[in-house]
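Asker: I am attaching a structure below and will ask some questions about it afterwards.
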Ligand SMILES: NC(=O)c1ccc[n+]([C@@H]2O[C@H](COP(=O)([O-])OP(=O)(O)OC[C@H]3O[C@@H](n4cnc5c(N)ncnc54)[C@H](O)[C@@H]3O)[C@@H](O)[C@H]2O)c1
């Protein structure tokens with residue numbers, strides 16, 4: 001799979017390194033960031049092509065899946081562009097910034113895939129955090145059984161060596 005990464009800050013660089021080093025069959029072919037130095041450095045680290053314009057990356061023929069790690073307020077528009085291009089997408093949380101954006105993304109996703117295999121996934125690793133699951137169970141429990149103190153087990157890891 002040939003992957004393009006949008007946004008090459010903390011999370012984008014981390015995704016690029018993980019895909020490049022750890023995921024067999026994945027090649028990071030392109031990165032995009034309006035900060036030319038970040039784009040150039042991230043591209044050089046994984047042997048990818050650097051773009052300044054994310055939409056150019058999404059439409060590029062050498063990209064068949066996209067990771068969105070840009071600032072929150074760009075996620076919905078970039079996800080919509082990925083859906084238009086029909087490219088599987090992992091978007092960092094949050095997927096959208098407003099109810100209007102949520103409706104646009106959900107509608108576009110329904111149009112793109114109907115009841116088929118989802119094209120968009122959200123990078124929200126807290127759903128694998130047992131403490132968060134316990135919190136959810138606690139909220140659903142009768143009031144007397146609720147516990148309101150939790151300690152998240154997960155935290156953003158450093159970029160692996
Ligand atoms: N840092 C974390 O621990 C963490 C954890 C989970 C999720 N996230 C999410 O990941 C996303 C990125 O976070 P981060 O910490 O890497 O931020 P960051 O500020 O380190 O990086 C964001 C990058 O996006 C670039 N950028 C700015 N405008 C852009 C645009 N229009 N298109 C593409 N790129 C653009 C910036 O130049 C920068 O390089 C955010 O949505 C955040 O909520 C971050």
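The values are calculated or read from the model by the stated rules, or taken from the named source; none is laboratory data. Owing to the predicted nature of the structure, the values given are computational and were not obtained by experimental measurement. Positions of Cβ are backbone-derived with ideal geometry, glycine not excepted, and every protein chain shown enters the neighbour counts.
Asker: Which of (1) within 16 Å of the ligand (Cβ to nearest atom); (2) surrounded by fewer than 13 Cβ atoms within 10 Å (Cβ to Cβ); (3) in a helix (DSSP H, G or I) does residue 39 not meet, given it meets every other one?
Answerer: (2)
Asker: Looking at 42, 50, 65 in this structure, which one is more than 13 Å from residue 2 (Cβ to Cβ), in contact (Cβ under 8 Å) with a residue 24 or more places away in the chain and assigned by TED's automatic domain parsing to the domain that holds residue 10?
Answerer: Just one listed residue meets the conditions, 42.
Asker: Follow-up. Looking at region 97-118, can you tell me whether even one residue there is assigned by TED's automatic domain parsing to the domain that holds residue 11 and in a strand (DSSP E or B)?
Answerer: Within region 97-118, none of the residues are assigned by TED's automatic domain parsing to the domain that holds residue 11 and in a strand (DSSP E or B).
Asker: Determine whether region 125-146 contains at least one residue that is within 15 Å of the ligand (Cβ to nearest atom), free of Cβ contacts under 8 Å to residues at least 12 places away in the same chain and under 28 Å from residue 24 (Cα atoms).
Answerer: yes
Asker: Something else about it: Condition first: surrounded by fewer than 13 Cβ atoms within 10 Å (Cβ to Cβ) and either within 15 Å of the ligand (Cβ to nearest atom) or within 18 Å of the chain's Cα centre (by Cα) (or both). Now tell me which residues in region 107-123 satisfy that.
Answerer: 117, 118, 121
Asker: Condition first: touching a helix residue (DSSP H, G or I) at 6+ places or on another chain (Cβ under 8 Å) and under 16 Å from residue 121 (Cα atoms). Can you find one or more residues in region 41-49 that meet it?
Answerer: Within region 41-49, not a single residue is touching a helix residue (DSSP H, G or I) at 6+ places or on another chain (Cβ under 8 Å) and under 16 Å from residue 121 (Cα atoms).
Asker: Would you confirm whether any residue within region 87-101 is at pLDDT 95 or above, loosely packed, with under 14 Cβ neighbours inside 10 Å and more than 16 Å from the chain's Cα centre (by Cα)?
Answerer: Yes.
Asker: Sort out which residues of region 43-64 are surrounded by fewer than 18 Cβ atoms within 10 Å (Cβ to Cβ) and away from the ligand (no atom under 14 Å from the Cβ), and write them in order of number.
Answerer: Within region 43-64, 44, 47, 49, 59, 61, 62, 64 meet the criteria.
Asker: Taking the condition of being surrounded by fewer than 19 Cβ atoms within 10 Å (Cβ to Cβ) and touching a helix residue (DSSP H, G or I) at 6+ places or on another chain (Cβ under 7 Å), how many residues in region 65-79 meet it?
Answerer: 0
Asker: Go through 15, 20 for me and flag whichever is within 15 Å of the ligand (Cβ to nearest atom), in a helix (DSSP H, G or I) and surrounded by 15 or more Cβ atoms within 10 Å (Cβ to Cβ).
Answerer: Result: 15 is the single residue among 15, 20 that is within 15 Å of the ligand (Cβ to nearest atom), in a helix (DSSP H, G or I) and surrounded by 15 or more Cβ atoms within 10 Å (Cβ to Cβ).
Asker: Please give the number of the condition residue 82 fails out of (1) surrounded by 12 or more Cβ atoms within 10 Å (Cβ to Cβ); (2) within 16 Å of the ligand (Cβ to nearest atom); (3) at pLDDT below 95; (4) not in a loop (DSSP other than H, G, I, E, B).
Answerer: (3)
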